[in-house]
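Report on one structure; see the data block that follows.
The values are calculated or read from the model by the stated rules, or taken from the named source; none is laboratory data. Because the structure is a prediction, the values reported are computed rather than measured. Methodologically, a virtual Cβ is constructed for each residue, glycine included, from the backbone with ideal geometry; neighbour enumeration extends over all protein chains shown.
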Amino acid sequence: MKIIIINGPNLNLLGSREPEWYGRVPFETYFRRLQAAYPEHRLSLLQTNEEGALVSALQQAAQDCDAVILNAAAFSHTSVAIADAVRAIPIPVIEVHLSPVFAREGFRHHSFTAAACKGTIAGFGLDGYRLAVEHLTGNAL
Ligand code: DQA
């Protein structure tokens with residue numbers, strides 16, 4: 001299965017950014033572990049700080065991939081355009097947040113993008129991405 005992880009703004013700073021919420025592991029380090037754990041699947045990664053690039057990446061994913069794991073970061077809470085892009089593509093999109101967004105500030109409790117996604121995983125740190133892969137690849141019990 002071809003799965004792309006699409007990460008939004010500031011997630012390139014994982015490892016040093018607010019480690020109390022996001023941990024101390026750079027995403028590339030975690031991503032290599034994830035790839036090694038699922039050698040039978042093709043996992044790819046795209047990170048961008050730009051809203052329009054996230055829209056384009058979702059549109060492209062519909063051509064190239066079977067599923068998307070999306071952490072649109074702060075744009076989750078603001079972007080109708082990204083939510084529309086999720087709705088516009090026929091492949092499943094799972095939203096992941098590292099931090100427990102519902103236990104944080106009120107403005108993080110609403111996600112435009114989650115409303116368009118198949119489901120949301122929040123609060124399990126980087127392990128949320130593995131949980132999403134497990135679901136997508138049908139490893140659930
Ligand atoms: C985040 C949560 C968002 O509220 C925040 O803006 C982020 C990261 C998370 O993964 O916990 O940048 O998406």
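The table that follows gives values for the structure above.
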quantity	calculated
Failed condition for ALA115, given (1) buried (at least 20 other Cβ atoms within 10 Å of the Cβ); (2) in a helix (DSSP H, G or I); (3) among the small types (Gly, Ala, Ser); (4) touching a helix residue (DSSP H, G or I) at 6+ places or on another chain (Cβ under 8 Å)	(1)
Selected residue (only one of GLN60, GLN47, GLN35 is in contact with a Leu (Cβ under 8 Å, 6 or more places away or on another chain), away from the ligand (no atom under 16 Å from the Cβ) and of a type in the set (S, T, N, Q))	GLN35
Residue in region 80-96 that is surrounded by fewer than 16 Cβ atoms within 10 Å (Cβ to Cβ), within 13 Å of the ligand (Cβ to nearest atom), part of a loop (DSSP other than H, G, I, E, B) and not aliphatic (A, V, I, L, M) present	no
Residue in region 57-68 that is without any contact (Cβ under 8 Å) to a residue 12 or more places away in the chain and of a type outside the set (S, T, N, Q) present	no
Residues of region 118-137 satisfying the condition of being within 13 Å of the ligand (Cβ to nearest atom), of a type in the set (Ser, Thr, Tyr) and not in a helix (DSSP H, G or I)	THR120
Selection within region 97-141 - among the aliphatic types (A, V, I, L, M) and touching a residue at least 60 places away in the same chain (Cβ under 8 Å)	LEU98, LEU126, ALA132, VAL133, LEU136
Sole exception among (1) touching a helix residue (DSSP H, G or I) at 6+ places or on another chain (Cβ under 8 Å); (2) of a type in the set (A, V, I, L, M, F, W, C); (3) loosely packed, with under 15 Cβ neighbours inside 10 Å for LEU11, by number	(3)
Qualifying positions in region 40-76 - assigned to a helix (DSSP H, G or I), hydroxyl-bearing (Ser, Thr, Tyr) and surrounded by fewer than 21 Cβ atoms within 10 Å (Cβ to Cβ)	SER56
Only one of SER16, SER44 that is among the hydroxyl-bearing types (Ser, Thr, Tyr), modelled with pLDDT of 95 or more and over 17 Å from the mean Cα position of the chain (by Cα)	SER16
Unmet criterion (only one of (1) more than 12 Å from the ligand (Cβ to nearest atom); (2) outside any strand (DSSP E or B)) for ILE3	(2)
